[in-house]
Structures are given as structure tokens and as C-alpha cells.
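The values are calculated or read from the model by the stated rules, or taken from the named source; none is laboratory data. Quick caveat, the model's predicted, so the values are computed rather than measured. Heads up, the Cβs are rebuilt from the backbone with ideal geometry, glycines too, and the neighbour counts pull from every protein chain shown. When the accessible area is computed, the model is the full protein with side chains, heavy atoms only, and any ligands, DNA or RNA have been set aside. Shrake-Rupley method; radii C 1.70, N 1.55, O 1.52, S 1.80 Å.
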Amino acid sequence: MNFHGTSRHMHQLMDMFALPEMTLLANAIEHFINNNIPFDPEYVFHDVRGAVQGVHKSGELHAEVMKNIEHYIEKGPEVAQLLNKLVSEGKQLFLITNSEFPFVNKGMAYMLGNDWCDMFDVIITNSRKPQFYNEHSRPFRLYDKHSHTQSWDSKVTQFKKGQVYQEGNLFKLQEMTHWYGYKVLYIGDHVYSDLADPTLKLGWRTGAIIPELESEIKTINSETFKKSVTWQQGLQRLIEKMQVYDHPESQAIIEQWMKERNHLRRVTKEVFNPQFGSLFRTYHNPTYFTRRLSRFADIYMSSVVNVTNYSTSHTFYPRRAALPHEQPIHIG
């Protein structure tokens, strides 16, 4: 597995764009199995992957969304309220997206109004992340919002509020804006494509958008889950203490406790999802996704509007988790 979570034999499906791809994969394989059609899993994966990428590159997906914008985007006042709050308190806003400007403009105008560009100090479309984070020489190009054309020279030496730029690279952005280190909070919805490089290469603070977090929190707060986890942990402590006794009666009791513990492990996993369990834990341990999330994101939330509940001077402090050789500290 390389830095961005991929390898020759492993591909991670870990963002909102992956949901239709996973569905198409599952449907295709189910069709082959139900109809006794021989298939090679690798060919199916590459064909589905190619079809999904083709829809993106052809522009068909964006065109369909733009035609039915009300169907695909939930409109509410919360995003505008958040951005206006940040602007009124002197924060500088920037947008970096791989999408073309017409598509971005359609969605942003629908949510924020036709003057949405005036909220942002820097707008970068067609950025081609993750290359945007790794190339040093590719210049920014000025984009004309009216003629839908971009400049052909490389003379963009400063950004102007409300203007739109294309391509470029992260290092030139930092050089031109002087946005350094922990003073920048960059929020994205993909752990690798959005957050990994900015935090590791520039030391930016990062925030991840995880929509599934809402349902996870509801499950964690359910009485079924809380009771099951509490009793499971109690059983584990009893098993740890009593396993030193080798009397047959003691071992029989421990065996019953182990069966009950295993049952509770299944219950606390399947309550999230009968097939896959929680996005954040696999039984007791953090999932691979959670470990990567903890590495590349300083904070995470279900929606960007969640930060509206905090002042712009609020500081989030990391929680101290007990290591295996440490005793948990309980404050009553």
C-alpha cells in the first residue's frame, strides 16, 4: 500500500463518488453469478472503473447534474451563513476543486447566489489534484467567466478576489498568498486527494467531511449499543482477572463468558451495518480508514456547517487516549 492508500492489487473506495462505482460492481457480479456467467473479477473491476471514469471525463455526469440541480443539491441557508460569518470576521476564503468552472458555478450560484465569487479571495478550478500538490512548475491560468476561456500565458503573479484561476500548484499558491502552516484550515471530503499532501508538505490544519458520521453517532448513542459495549468491556475485565484460575469450574465459567463476549462483539459490529460494521471501527480496533483519517485530518465532521456552532477563535484540543501500558485516568 503506497502513500495514497493504493497498490497494484488494492484500490480503495472511500469517498462519495465511490458509492455508484461500488453499486455497479456489486450489480454486475451479482448478474454474472445468478446467470452462471463465467467472469474474471479483475476484468470486471477495470471495466466498471473505466466506465465510471468515462462518465466523469465525458462531461455527461456534470451535464445531467446541471440540468437537474434541484434534484441533486440540498439547498439551505447554513452554508451562506457560515461563509458570511467567516468573511465578516476577516477570514480569507479559498476554493480548490478539480471540477470545471461552469459546473462549480451552477452549484454555488444555486446555493449562495450569483455573486458567490465575491466571498472568496482565491478560486481555483480544474486544479487536477493530487498533481496540484506535487508539481512545482505548472503556472496558474486566469479564467474568463464570460467567454469560458483561459489565458495562454503564465503571468499570474497575484490573486484578485472574485477572479477565477485554473491549474497551478500548491507551492505557487503558498508563495503568492503567504498562507503558511497552522494558520490555514483546509477542509475536504477525501482523505488522500484533499488532505494528505497539504498537512504533510505545508503543515496546514485540515478538516475532513464524513457524511456517514451522523448515522454513526446516532448508533453510538442508542441504548442497545451503549448497554452492549458496557457489558462487553465488563466481561473482558472479568475474563482477564479470572483466566489465572485453572479449576475446571472456573474454566467452564470463563468459556461461557467468552461465548457471550463474542456474541456482543458481533452485536456491536452489526448494529452499524450487517455486512461491514462501523466505518470507524472493526470490532474493538480502529479501521484502516480511521487510522488514515487520524493521520491526515486534525478534525472531522459530517458537514462543513457543523463549525458554525463554534467561534472563529475556538481551539480544538486532541484527546489523550491511554496507551496499552498506561492506566486510564477517570475524572469524577
Task: Separation between Cα centres of the stretch 114-141 and the stretch 281-304, rounded to whole Å - done: 27
- [ ] Could you check how many percent of all C-alpha pairs in the chain are farther apart than 32 Å?
- [x] 45
- [ ] Would you be so kind as to identify which of ALA26, MET16, MET108 lies farthest towards the positive end of the dipole of the stretch 1-151, taking Lys and Arg as +1 and Asp and Glu as -1 on Cβ and the Cα centre as origin?
- [x] MET108
Task: Solvent exposure, largest accessible area first (probe 1.4 Å, DNA, RNA and ligands not counted), of HIS284, HIS71 - done: HIS71, HIS284
TODO: May I ask for the net charge around ASP15, where only other residues with Cβ less than 15 Å from the Cβ of ASP15 are counted and Lys, Arg are +1 while Asp, Glu are -1?
DONE: -1
TODO: Would you kindly derive the ³J(HN,Hα) couplings of the stretch 292-309 from the backbone phi angles with the Karplus curve 6.51 cos²θ - 1.76 cosθ + 1.60 (θ = phi - 60°), listing them in order in whole Hz, with x for Gly and Pro?
DONE: 5, 4, 5, 6, 10, 10, 6, 9, 9, 7, 7, 8, 4, 6, 4, 6, 4, 6
TODO: Amide H neighbours of GLN150 under 5 Å, at least 5 residues apart or on other chains, H built in the peptide plane: list them.
DONE: ASP144
Task: Top of LEU195, LEU293, LEU95 by mean-square fluctuation, Gaussian network on the chain, Cα under 10 Å - done: LEU95
- [ ] Pairs of Cα atoms under 8 Å, at least six residues apart: use those to get the relative contact order of the stretch 264-332, whole percent.
- [x] 14
- [ ] Could you tell me which of SER137, LEU93, HIS46 has its Cα farthest along the dipole of the stretch 46-148 towards the positive end, charges placed at Cβ (Lys, Arg +1; Asp, Glu -1), taken about the Cα centre?
- [x] SER137
Task: the stretch 32-186 - Rg and Dmax from Cα coordinates, angstrom - done: 19.2, 63
Task: Dipole of the stretch 268-332, positive direction: furthest Cα of GLN275, ILE299, ASN309, with charges on the beta-carbon - done: GLN275
Open item on the list: So if I place +1 on the C-beta of Lys and Arg and -1 on the C-beta of Asp and Glu, and nothing else carries charge, what would the dipole magnitude of the chain be about its Cα centre? I want it in debye, nearest 20.
Closed with: 840
TODO: Rounded, prolate or oblate: pick one for the stretch 26-66, where a ≥ b ≥ c are the square roots of the eigenvalues of its C-alpha gyration tensor, a/c under 1.5 means rounded, and failing that, prolate if a/b is larger than b/c, else oblate.
DONE: prolate
- [ ] Filter the cross-link list LYS75/LYS161; LYS57/LYS201; LYS67/LYS160; LYS91/LYS183 down to pairs whose alpha-carbon distance in this structure exceeds 20 Å.
- [x] LYS75/LYS161; LYS57/LYS201; LYS67/LYS160
Open item on the list: Under a Cβ-only charge scheme (Lys and Arg +1, Asp and Glu -1), can you give me the dipole magnitude of the stretch 1-150 about the Cα centre, in debye to the nearest 20?
Closed with: 420
Open item on the list: Take the chain, mark every one of the GluC sites (Glu not before Pro) that falls in a DSSP loop and has at most 13 other Cβ within 10 Å, then report the longest stretch left between them, sites excluded.
Closed with: 90-325
- [ ] Name the long-range amide H neighbours of ASP15: under 5 Å, sequence gap of 5 or more, or other chain; modelled H, no Pro or chain starts.
- [x] none
